[in-house]
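Here's the structure we're looking at; comments come further down.
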Amino acid sequence: MSSVDNTTTPSTQKRNGDAAMKNHHLSTAGRMLARNHIWLFLLLAMATFSFASPYFLTVNNLSNVLTQSAFIGILAVGMTLVMINGEIDLSVGAILALACALAIGLQPDIGVWPAVFVALLSGALLGLLNGTLVVLSGMHSFIVTLGGLIGIRGLVFIYTGENALMVQDFSYTEYPEIYLGPISITAMIFLGLTFALQWMLSHTRHGREAYAIGDNIEAAHEAGIQVKRHKVINFVLCGTLAAIAGILLSMRLGTAEPNAGRIWELWAIIAVVLGGTRLQGGYGSLWKTLGGVLTLAVLQNGLRLLNTPNYIELMVMGSVLVLALLLDRLMLAKK
């Protein structure tokens, strides 16, 4: 009777080892690509528009893209914080509009910088109100902040009398003209906030516990984490950042319209999800949110340089929304 030779020669072992190593490298590369998909998407968008338009890849245009992205970008930074907790804040666009209106409307009565301080304080207080209502009522933050969106927007219309407010001290509008090379002060503030708050998420107890809460709130409770406190802190930060965006917008435009920031909360959410933050919480990065913000800004800028009709631009941006939701589902499936 013949026997089967199960011995493996050195050459076969080497081939198997090489194949396993190759598969390991491919698997690692695949995981790296999946985790950093937004940067690949951004590079592809930039490459496409640089070939399509000679005006895209210029220092002046890229500087404008970074500055224009800063307002929604600052909203997206705050949105990332609350979404890591497993929450959402739909009121940020309305808070932005209120801060913009207060920063300009109060100047004749109390002066420029006191008006700016009141505008900033309004964002922090509204964030505190949102967070407190969420943690004490037990209602989902979608419902609470949707009510905030409607109510705060109504306050803006009442305060402005449904009219645009115009700045009287035009030196106020000179601050956005400060540049460090091609980078505006508005963009520098956006990037600085992104860096500072990413450091907070990565290197502080609050940041680590915010991820734990979003990942598994029951386990966080059992571990002794102060869930309510952390959620309120992130809502306060989110509201404050929305107010900062409103103040910067008022400086750039020199006017405050009651419809300022309308639906910007949706673009902020799209940018955050494009960057890989899960709607269910527990996972996210402000660096990747930055990538999502820049990708949206590049798409919008590139389409306008190509004189794309408005309805085509809306279709493209709507497709990006669907892509963002699909990415969120893929991220959830990998959990």
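A few notes on this one:
- Prolate/oblate/rounded call for the range 94-181, Cα gyration tensor, a/c under 1.5 rounded: prolate
- Per-q log10 I(q)/I(0), the range 146-298, q = 0.09, 0.15 Å⁻¹ (Debye; single scatterer per alpha-carbon; no solvent): -0.38, -0.97
- Remark: spin-label model distance Leu306-Tyr175 equals 3.8 nm, labels positioned 7 Å along the Cα→Cβ axis.
- Using a Gaussian network model of the chain in which every pair of alpha carbons under 10 angstrom is joined by a spring, one finds that among Ala94, Ala52, Ala245 the greatest mean-square fluctuation is at Ala52.
- With the whole protein complex present, Trp113 retains an accessible surface near 130 Å², based on a 1.4 Å probe.
- Given their separation in residues at 0.36 nm each and the Cα-Cα distance between them, Ile150 and Leu57 gain 29.5 nm when the chain is fully extended.
- Across the range 77-122, Cα pairs under 8 Å and at least six residues apart give a relative contact order of 29 percent.
- Put a dot 7 Å past the Cα of Leu325, heading toward its Cβ, do the same for Asn259, and the two dots end up 2.5 nm apart.
- 0 to 90° range, to nearest 10: angle between helix 112-137 axis and the chain longest Cα axis: 50 degrees
- Its Cα gyration tensor gives the range 43-162 an equivalent ellipsoid; the semi-axes, largest first and in whole Å, are 32, 23, 12.
- The distance separating the Cα centre of the range 238-267 from that of the range 173-208 comes to 16 Å.
- Here the relative contact order of the chain, from alpha carbon pairs under 8 Å that lie six or more residues apart, stands at 32 percent.
- Trp113/Arg205 FRET efficiency (R0 41 Å; Cβ-Cβ; nearest 0.05): 0.75
- Alpha carbon Rg of the chain, scaled by the compact-globule rule 2.2 N^0.38 Å: 1.18
- Summed residue charge, Cβ within 10 Å of Gly131's Cβ, Lys/Arg positive, Asp/Glu negative: +1
- Helix axis angle, 286-305 relative to the chain longest principal axis, alpha carbon, degrees: 70 degrees
- Against the main long axis of the alpha-carbon atoms of the chain, helix 205-215 sits at an angle near 70°.
The values are calculated or read from the model by the stated rules, or taken from the named source; none is laboratory data. This is a predicted model, so every value here is computed, not measured. All Cβ positions, glycine included, derive from the backbone under ideal geometry; neighbour counts span all protein chains shown. The accessibility values were calculated without ligands, DNA or RNA, using every heavy atom of the protein model including side chains. Shrake-Rupley method; radii C 1.70, N 1.55, O 1.52, S 1.80 Å.
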